[in-house]
Structure formats: structure tokens, C-alpha cells
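Novice: A single structure is presented below for examination.
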Amino acid sequence: MFYVELTPEHLALQEKVRAFIAEHVIPVAKEYDRTGEFPLPILREAAKAGLLNYAVPKEYGGPGLDALSVAVISEELGYGCVGIGMAMNGNTLSSYPVLIAGNDEQKRRWYQYLHEGKLVAFALTEPGAGSDAAAIETTAVPDGDEYVLNGSKCFCTTGGYASAMTVFASTDRSKGHRGLSAFIVEMDRPGVSVGKEEHKMGIRASNTVEILLRNVRIPKANLLGREGEGFKIAMQTLDSGRISVGAMAVGLARRALEATIDFVNKYQRGGKPLAKSQYYQFKIADLGTAVENARNLVYKACYLKEAGRPFTKEAAMAKTYATDMAMQVAAAAVEIMGPYGYMKDSPVEKLMRDVKVMQIYEGTNQIQRIVISRQLMG
Ligand code: COS
């Protein structure tokens, strides 16, 4: 049997994030979307409110929130603005490799950055290794007490503002995915540079950059886990990240649905309120059911994660279903509002632009279908 109910603590957290979003995100989201500026002032407020580093474990000075709390926060961030939400969620998602595989010293060091208000990033994808994560060409060659890293990473979220990142590189190219390893790389090391900054269709407040590594020397103490464990660390990280993406998509879809209901309630056609038409009633019923369904999938993945049970399949299902659903809800919102939905001052055109990338990042929805079918078919 599976049934998840938010506890009074989850509900209080939800209330707190909603208030934060209403005060600090919604009033400025359109302007950040227009300028593409990175929302540093909002991140400072988020840090003060305890909404930046919420998954840092208690033993390392954080609140150590559970998976369901992370999903509750992510849904509200998706409701407010996915671009700003990604900037706010970045420290949590980028820290998973350290949480999963770091030793005590590495965790202390990493979480100290977060306590100091610093931002961190996750560098996996490369020009030739996107969906095929095992094809990473960045190398990490041992040299005495150090590794020397060479390669380039792309589409790195928050990379332009990060103080440190988790980097995936090959310590043995002959072993394919079993030759990949995970490292902590501080951004101020000689040889690390930020390359091209991307200009995107949506999530424009989120920073997306190329990271170049040229003869970057890091101590062996920066290796996470053991050599050869990098691919599994990356996959486990993505399993958790995919739940958050699903939750954010639920939030975005909820926002689009609310805007649609508001429009249908206010607008008349031929002297008859749209809300009296069964066409719109049925549409809204279907969209509302889809949002609820997606949330249930997200919560189920959280429940399994928290219970220490496998959740790879459920995380992929939650991510795929929720982001495809959110795309449909956002498109339906624009369609129902017609020209009012399409214009820049509509409440939904940004949602339709923002949601597209959610079907693409954290593993495309086609990759998710490979993950799901492999789990189902063995
Ligand atoms: N957790 C732990 N281990 C996992 C895992 C998971 N979720 N998924 C796979 N593994 C392990 C497998 O068990 C296998 O282990 P062995 O080496 O012991 O056999 C190994 O990893 C390789 O798995 P697999 O054969 O399934 O790897 P593939 O190369 O076929 O690729 C996909 C798997 C396509 C699923 C993977 O490359 C992927 O997720 N790609 C998308 C990457 C992505 O999401 N990028 C976005 C980054 S966000 S910026």
C-alpha cells in the first residue's frame, strides 16, 4: 500500500516557501526573465530564510530535510519561477555526489562552502557526452599526490557563480563507464575557467555555462569515493535530481492551471461565461487530474527514497510524466487564453517557454523511457 500525507511539518514548510515565493520571486520573475540576470539578491534572501541549503545533513550543520520536504520546496519553486528555482535548488542538487560518496572530511569542507553562502555546481555533461553520460572525454591523470584534469563541460547550471563543483572525469578511458571518477574541483584553481554563457528560450534567470579545465591540479583528497565509481555516483545523483525536476514541473503546471481557471471564470464569449461551458469544465477537470497524478508519482518516489528502497524507476517516471504533463498544461493554458495567452504580458507564455527544457535536462524524457523500460523489462 502506498499513501503519502504531508505532515504538519511539511505543511508548515510549504506555507513558508509559498510566502517566500509570493514576496521575493513572483513580483520580480518576469523582469529576471526579460534581462536574463542571475538572481543573486533572491539567493541571499533564500539563504537567510533557510531555503538555499535545506538538504545539508544535521550532522553537518544543516536542517537535513527529507525527500518529501525537498519535493514540497521544489513544487513551490516551480510555481514561482523555474529559472530562479533552479538557481535556488542548485546547491542541493550539486551536493548530491558529496552526500552520496564523500568522506567526513570532504563533507565538512563542502558544507562549509555552503554555510559561507557560496554556490556550487555539478559538471557532468560534455559536448560529446550528454545522453550518453559514459562517453565523457575529460581525463583525470594521477600525478604524485594530485590528479591533473583536462577537458570541457557544457550546460553547467550556476557554473558562472559557483565556488566549487563536482566534476566527472575518466581516470581510465579503456574501462568506459567503469573508468569514470567523481571529484571536487574548486573554481579558483589555476586552469579552471568559465567559457561561453548560454542564452536560453526559457529559465532565463538560471545561469548555464561552459567550464574549461586545462591542466587543473587537484589533491587526491578531492576524489569522491573510489576511482571508477563516478558513473554510479552520477546516476544516483540524477535519480534524486529527477524527483526535484518532477516536483518543479508539478508547481509550474499548478500555476498554469490556476491562471486558466482564473481566465475561464472571468472571460465571456457571446455573452456567456466560459466557465458555464462543458468544454472548458472538462478541459480543466482533465488538467487538474493530470497535475494530481504527477504529484502522486513525485511523492511515491520520495517515499521510496526515504524508506531506503530503490527509486530509480519511480524517479524517472515522476520526471517524465510530470514534465510532459506540465508541457501539456502550459500549452493548453496558452491555447485556452488564445491571444491573451500568447502575449508577453500574459501569465502563461513564460511558463510554456520555461517548461520545455524540463523535458530535456536531468536526462531527456526519451532517456527516462529507456531507464523505465529497462527496469520494467529487466
Ligand atoms: N543507480 C546506480 N547505478 C546505476 C544506475 C542508477 N540509477 N543506473 C545505472 N547504474 C549502473 C548500472 O548498474 C551499471 O553498473 P555496472 O557497471 O556494475 O554494470 C552501470 O551503471 C552502467 O549502467 P548502464 O549499462 O545502464 O549504462 P548506459 O551507458 O547504458 O546508460 C543511461 C545509462 C542512458 C541511463 C545514462 O547514461 C543516463 O542516465 N544518461 C542521461 C544523462 C543525464 O541525465 N544527463 C543530464 C545531466 S543534468 S546536467
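Novice: Around Tyr79, what is the net charge, scoring Lys/Arg as +1 and Asp/Glu as -1 over all other residues with Cβ under 11 Å from its Cβ?
Specialist: 0
Novice: Tell me the angle of helix 230-266 to the major Cα principal axis of the chain, expressed in degrees between 0 and 90 and rounded to the nearest ten.
Specialist: The angle comes out at about 20 degrees.
Novice: While we're here: Starting from the amide H of Leu224, placed 1.01 Å from N in the peptide plane, find each other amide H under 5 Å away whose residue is 5 or more places distant or on another chain.
Specialist: Ala182, Phe183, Ile184
Novice: With the contact rule set at Cα under 8 Å and sequence spacing of 6 or more, what percent relative contact order holds for region 1-152?
Specialist: With pairs under 8 Å counted, the relative contact order is 18 percent.
Novice: A further question follows. Convert each backbone phi in region 363-377 into a coupling constant with the Karplus relation 6.51 cos²θ - 1.76 cosθ + 1.60 (shift: θ = phi - 60°), then list the ³J(HN,Hα) values in order as whole Hz, x for Gly and Pro.
Specialist: Using θ = phi - 60°, the values come out as x, 4, 5, 6, 4, 4, 5, 5, 4, 5, 5, 4, 5, 6, 9 Hz.
Novice: A further question follows. Taking 25 Å as R0, compute the FRET efficiency from the Cβ-Cβ separation of Gln112 and Lys220 and round it to 0.05.
Specialist: 0.80
Novice: How many angstrom lie between the C-alpha centres of region 303-378 and region 147-212?
Specialist: If we compute the Cα centre of each part, the gap is 25 Å.
Novice: Moving on to the next point. When each pair of different Cα atoms in region 243-288 is counted once in the 1/r mean, what is the Kirkwood radius in angstroms, to one decimal? Write down the numbers at each step before the final one.
Specialist: Working: mean 1/r = 0.0869 Å⁻¹.
The answer is 11.5 Å.
Novice: Students often forget the sequence filter, so: which lysines lie under 28 Å Cα-Cα from Lys272 once same-chain residues fewer than 8 apart are removed?
Specialist: Lys283, Lys344
Novice: Compute the length gained on full extension between Met377 and Ala135: take 0.36 nm times their separation in residues and subtract their Cα-Cα distance, giving the result in nm to one decimal.
Specialist: Numbers: separation 242, 0.36 × 242 = 87.12 nm, distance 2.47 nm.
84.7 nm is the gain from fully extending Met377 to Ala135.
Novice: Compute the relative contact order of the chain as a whole-number percentage, counting only Cα pairs closer than 8 Å that sit 6 or more residues apart in sequence.
Specialist: Answer for the chain is 17 percent.
Novice: Moving on to the next point. Assuming a viscosity of 1.306 mPa s and a temperature of 10 °C, what translational diffusion coefficient in µm² per second does Stokes-Einstein assign to region 44-138, Rh being the Kirkwood radius over Cα pairs?
Specialist: Numbers: Rh = 14.4 Å.
Roughly 110 µm²/s, to the nearest whole number.
Novice: Using θ = phi - 60° and the Karplus relation 6.51 cos²θ - 1.76 cosθ + 1.60, list the HN-Hα couplings for region 139-144 in order, rounded to whole Hz, with x at every Gly or Pro.
Specialist: Coupling constants for region 139-144: 10, 10, 9, x, 8, x Hz.
Novice: A further question on this structure: Can you compute 3J(HN,Hα) from phi for each residue in region 16-22, using the Karplus curve 6.51 cos²θ - 1.76 cosθ + 1.60 with θ = phi - 60°, rounded to whole Hz and x for Gly and Pro?
Specialist: 5, 5, 4, 5, 4, 4, 5
Novice: Something else now. If I build a Gaussian network model for the chain, linking alpha-carbon pairs within less than 10 angstrom, which residue out of Phe20, Phe122, Phe183 has the largest mean-square fluctuation?
Specialist: Judging by the Gaussian network model, the answer is Phe20.
Novice: Another one. Can you check how the C-alpha radius of gyration of the chain compares to 2.2 N^0.38 Å, as a plain ratio?
Specialist: On the way: Rg = 21.0 Å, N = 378, 2.2 N^0.38 = 21.0 Å.
My calculation over the Cα atoms of the chain gives 1.00.
Novice: With everything on Cα atoms, drop me the angle between helix 104-115 and the longest principal axis of the chain, reported from 0 to 90° to the nearest 10.
Specialist: Orientation of helix 104-115: about 50 degrees from the principal axis.
Novice: Per residue of the chain, what 222 nm ellipticity follows from adding -39500 (n - 2.57) for every DSSP H run with n ≥ 4, rounded to the nearest 500?
Specialist: -17000 deg cm²/dmol
Novice: Using Cα centres only, tell me the gap between region 104-127 and region 36-102 in whole Å.
Specialist: So the two Cα centres are separated by 12 Å.
Novice: With axes computed from alpha carbons, what is the tilt in degrees of helix 26-35 against the longest principal axis of the chain, rounded to the nearest 10 within 0 to 90?
Specialist: Between helix and principal axis, roughly 60 degrees.
Novice: Near the amide H of Val56, under 5 Å away, which other amide H atoms are found, from residues 5 or more places off or on another chain, if H is placed in the peptide plane?
Specialist: Here Gly64, Leu65 satisfy the definition.
Novice: With r as the distance between the Cβ atoms of Asp345 and Gln268 and R0 = 22 Å, compute the FRET efficiency 1/(1 + (r/R0)^6) and round to 0.05.
Specialist: Here the calculated transfer efficiency is 0.60.
Novice: If you don't mind, there's one more thing I want to ask. Given a cut-off of under 8 Å on Cα pairs at least six residues apart, what relative contact order in percent is computed for region 132-215?
Specialist: 35
Novice: Also, quick follow-up: Within the set of other residues whose C-beta is less than 14 Å from the C-beta of Ala140, count the net charge using Lys and Arg as +1 and Asp and Glu as -1.
Specialist: 0
Novice: For Phe2, put the label point 7 Å out on the Cα→Cβ axis and report which residues of region 72-101 keep their amide N under 20 Å from it.
Specialist: Backbone N within reach: 72-75.
Novice: Obtain the nm distance between the two label points defined at Lys356 and Ala307 by a simple spin-label model: each point lies 7 Å from its Cα along the Cα-to-C-beta direction.
Specialist: Distance between the two pseudo-spin positions: 3.9 nm.
Novice: Sticking with this structure for a sec: Only bridges with both residues in region 90-189 count here: give the DSSP antiparallel percent, nearest 5.
Specialist: 70
Novice: Work out the P(r) tail for region 193-271: percent of alpha carbon pairs separated by more than 19 Å, whole number. Present the calculation step by step, with values, prior to reporting the outcome.
Specialist: Details: 2149 of 3081 pairs.
It works out to 70 percent of all Cα pairs.
Novice: Where nothing but the Cβ of Lys and Arg (+1) and of Asp and Glu (-1) is charged, how large is the charge dipole of the chain around its Cα centre, in debye to the nearest 20?
Specialist: 660
Each reported figure results from applying straightforward, stated rules to the coordinates on display, with no laboratory input. Everything quoted here is computed from the prediction, not taken from an experiment. Ideal geometry is used to build each Cβ from the backbone, glycine not excepted, and the neighbour counts take in all protein chains shown.
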